[in-house]
Amino acid sequence: MNRTFDDLVEEADSVSVDGWDFSWLEGRATEQRPSWGYQRLMSERLGTATAALDVQTGGGEVLAEAAAFPPTMVATESWPPNVAKATRLLHPRGAAVVVHPEEPPLPFADGAFDLVTSRHPAVVWWREIARVLAPGGTYFAQHVGPASVFEVTEFFLGPQPAARSKRDPEIESADARAAGLDVVDLRLERLRMEFFDIGAVVYFLRKVIWIVPGFTVERHRDRLRDMHELIQRDGSFVAHSSRFLIEARKPA
């Protein structure tokens, strides 16, 4: 790609980052997918549920790919642009989208759902999940794991040793058990990512805001230029995402 640093950065800094669709990065970045296939497994569980809740649904893109919804399907989301997109995607299929901050309590009755799902929740309030699950109900989710994309984080912010232990699947599974759930599946994988131009990095950091908190082009221009030169020299910037699958059940 024979484009200048300024051109690539300006383009990526001006495009919309609403929703949870990463198609803008096609041909500009790649990310290996977890072997378990969360979308397929989630869809299978939705197909047998009677009432389901998708927590922190984003723009509803992942949920909308399910082949069938249960008779009662609800999704929560806090960010207004995502709420609007999720509503457009999910309402025509009969799902309700509820605006809700990412903090307890969830606005639902005890035992309201036999299935709760979530893909990459920012925070999991385990006691609330356990409360809204019916006896015998299941929480099924894919979470961001520890030190995810830390090659990028530490390139911009320097070493972050304290943050490396966050999102530990063993700690989260212990929290689930403390809330009264039985963890029946837990799998962790680290997955290769590559960024092929600095515009892809800018877009990614604007969209996935927790990778470099407070990221702006102007604030981080010098390091962006350093990374651009590295990509020009090596052909890409390599990082690794971290994902874990967790399934927990409420005793019947």
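Laboratory data are not the source of any read-out in this text; all were calculated from the coordinates shown. Nothing here was measured: the structure is a model prediction, and the numbers come from that model. Here the Cβ positions follow ideal geometry from the backbone for every residue, glycine too, while neighbour counts run over all protein chains shown.
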Could we say that Leu106 is touching a residue at least 24 places away in the same chain (Cβ under 8 Å), crowded, with 22+ Cβ neighbours inside 10 Å and either under 26 Å from Pro251 (Cβ atoms) or not charged (D, E, K, R) (or both) here? no
Test set (1) over 27 Å from Asp6 (Cα atoms); (2) surrounded by 14 or more Cβ atoms within 10 Å (Cβ to Cβ) - Met193 fails condition number: (1)
In a helix (DSSP H, G or I) and in contact (Cβ under 8 Å) with a residue 12 or more places away in the chain: does that describe Leu53? no
Taking the range 70-80 as the search range and keeping residues that are among the hydrophobic types (A, V, I, L, M, F, W, C) and surrounded by 20 or more Cβ atoms within 10 Å (Cβ to Cβ), which one is nearest to the chain's Cα centre (by Cα)? Ala75
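Rundown of residues vs (1) over 27 Å from Asn82 (Cα atoms); (2) in contact (Cβ under 8 Å) with a residue 24 or more places away in the chain, yes/no style:
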{"site": "Ser165", "(1), (2)": "yes, no"}
{"site": "Val202", "(1), (2)": "no, yes"}
{"site": "Arg206", "(1), (2)": "no, yes"}
{"site": "Trp210", "(1), (2)": "no, yes"}
{"site": "Phe215", "(1), (2)": "no, yes"}
{"site": "Arg223", "(1), (2)": "yes, yes"}
{"site": "Gly235", "(1), (2)": "yes, yes"}
{"site": "His240", "(1), (2)": "no, yes"}
Filter the range 109-148 down to residues that are among the basic types (Lys, Arg) and touching a residue at least 40 places away in the same chain (Cβ under 8 Å) and give me whichever is nearest to Leu188 (Cα to Cα). Arg119
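For every residue, the table says whether it meets (1) in a helix (DSSP H, G or I); (2) closer than 25 Å to Arg243 by Cα; (3) over 20 Å from the mean Cα position of the chain (by Cα).
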site: Ser35; (1), (2), (3): no, yes, no
site: Arg40; (1), (2), (3): yes, yes, no
site: Arg45; (1), (2), (3): yes, yes, no
site: Gly59; (1), (2), (3): no, yes, no
site: Ala84; (1), (2), (3): yes, no, no
site: Pro92; (1), (2), (3): yes, no, yes
site: Thr117; (1), (2), (3): no, yes, no
Expected single match for more than 15 Å from Leu115 (Cβ to Cβ), out of contact with any Cys (no Cβ under 8 Å at 6 or more places or on another chain) and touching a residue at least 60 places away in the same chain (Cβ under 8 Å) among Gly58, Gly37, Gly94 is Gly58
Can Asp222 be described as surrounded by fewer than 15 Cβ atoms within 10 Å (Cβ to Cβ), touching a helix residue (DSSP H, G or I) at 6+ places or on another chain (Cβ under 9 Å) and not aromatic (Phe, Trp, Tyr)? no
Can you name every residue in the range 199-219 that is closer than 16 Å to Val15 by Cβ, of a type outside the set (D, E, K, R) and surrounded by 14 or more Cβ atoms within 10 Å (Cβ to Cβ)? Gly199, Ala200, Val201, Val202, Tyr203, Phe204, Leu205, Val208, Phe215, Val217
Of these, Thr117, Thr57, which one is under 20 Å from Val17 (Cβ atoms) and in contact with a helix residue (DSSP H, G or I) (Cβ under 7 Å, 6 or more places away or on another chain)? Thr57
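Return yes when Phe22 is more than 21 Å from the chain's Cα centre (by Cα) and either buried (at least 20 other Cβ atoms within 10 Å of the Cβ) or of a type in the set (A, V, I, L, M, F, W, C) (or both) and no when it is not.
no
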Residue pairs qualifying under the 6 Å Cβ cut-off, at least six apart or on distinct chains, with the first in the range 13-34 being farther than 21 Å from His143 by Cβ and the second being hydrophobic (A, V, I, L, M, F, W, C) and part of a loop (DSSP other than H, G, I, E, B), are Asp13/Val217; Arg28/Phe196
